[in-house]
Each structure stands twice: as structure tokens, then as C-alpha cells.
Amino acid sequence: MNIGFLKTLFREKKLSLSHPRLLIYQELSNASSPLSPLEIYQNLLKKKKRVGLTSIYRSLELFESLGMVFKIAYGSSVRYKLCELENHHHHIVCKACGNVVELNFCDISDWSKKVTESTGYQVVDHQLNFYGFCKSCKPRTGGIQETEF
Ligand SMILES: [Zn+2]
Ligand SMILES: [Zn+2]
Ligand SMILES: [Zn+2]
């Protein structure tokens, strides 16, 4: 999500893009891996920018409600990743290292239809996360047999 899209989004939602919110967005945007609220706080402090931890938590909650970030509860910690995809999408989380990849497809219309058929609800939204092991964490099974083969 680039800064232009962010500004448009905030304008559309009639939200103010305050300086602390912008700083938090920039930290997430520069990060190579998901960040915890405390890491964002410490990164900002290193740059001589003091944003209260409470305000960081609130901003992250707001970002999440806007679909800007993906929240990863990993063990006892919570981390946030800035979404690169701007439209509706899904994520897969590595259960070993916590890395996240965004999935640029969503094909569950059959499923929505089944939900409507069985409940009578009109489906307007859904959330779905995938979990697994990334390429570097994938447990190697039967390695010896593979080399012999
Ligand atoms: Zn995302
Ligand atoms: Zn992994
Ligand atoms: Zn979807």
C-alpha cells in the first residue's frame, strides 16, 4: 500500500492522517518483516520520535479495521504487516517463523453460495487465513530416500 493510496483512503473515510499515524505507517512500510507495537515504538525512539505505545496500539487497530495491515498472533506476541495488496485478499502464515505471504486471489464464491443456501444469510464479507510452513521451514521428510532416488 503506497502513501498515495493511504491518503485517499483516509480522505474517503473522513479520518485524519495525523503525524503519529503517518510515522507508524512509514515504519511498517520500511520493515522487511512484521513488527510488534513495541518494535515500532523502539524504532521511532531511535529516530528521536516519541509516539506513545497506547497511540501505536490504537493506530494499529485502526489500520487493521481499514484492511491496511494484517495482524499475526504468533506465540504470545502480536505483529503487524503492512498489506501490499490494496484490494480484498488473503494471507498464508508460516507456523514456524511467522512469515506472511499475501495471496492475490480469492475463489470461494461456491462456498459463499453454500453459506447462503444453508443459513439464508446474504454474504457480504469474509475473512480466511491459511497456515503452513514456508519453503525454508518445511520439515524435510524422507530426505535419505530422496537422495538415493
Ligand atoms: Zn495483506
Ligand atoms: Zn517459515
Ligand atoms: Zn476472499
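The numbers here are math on the coordinates, done by the rules we state, and not lab data. Since the model is a prediction, treat every value here as computed from it, not as a measurement. In this analysis, Cβ positions are derived from the backbone assuming ideal geometry, glycine residues included, and neighbour counts consider all displayed protein chains.
Assorted remarks:
- Each Cα pair of the stretch 17-89 feeds into the Kirkwood radius, which the Stokes-Einstein equation turns, at 10 °C and 1.306 mPa s, into a diffusion coefficient of 129 µm²/s.
- Sites N2 and V123, calculated FRET efficiency, Cβ-Cβ separation with R0 30 Å, nearest 0.05: 0.50
- Loop-resident sites, the stretch 27-91, for GluC sites (Glu not before Pro), counting at most 14 other Cβ within 10 Å (DSSP): E84, E86
- With both labels modelled 7 Å from their Cα along Cα-to-Cβ, the T116 to Q42 distance reads 4.9 nm.
- Total lysine pairs whose alpha carbons fall under 19 Å of each other in the chain (8 or more apart, or interchain): 6
- Cα centre as origin, Lys/Arg/Asp/Glu Cβ charges: the stretch 1-79 dipole, Debye: 320 debye
- With at most 16 other Cβ atoms within 10 Å, longest stretch of the chain clear of loop trypsin sites (Lys or Arg not before Pro) (DSSP): 51-94
- For the stretch 78-126, averaging the sequence separation of C-alpha pairs within contact (under 8 Å, six or more residues apart) and dividing by the residue count gives a relative contact order of 25 percent.
- Each label point was placed 7 Å from the Cα along the Cα-to-Cβ direction; for E12 and C137 their separation is 3.2 nm.
- Across the options L45, F70, S16, the greatest Cα extent toward the positive end of the charge dipole of the stretch 1-88 (unit charges at beta carbon of Lys, Arg, Asp, Glu) belongs to L45.
- Stokes-Einstein D for the stretch 1-54, Kirkwood Rh over Cα pairs, 10 °C, 1.306 mPa s (µm²/s): 133 µm²/s
- Each 5 Å bin, from zero up to the one with the longest distance, holds this percent of the alpha carbon pairs of the chain: 2, 8, 15, 16, 16, 14, 11, 8, 5, 3, 2, 1, 0.
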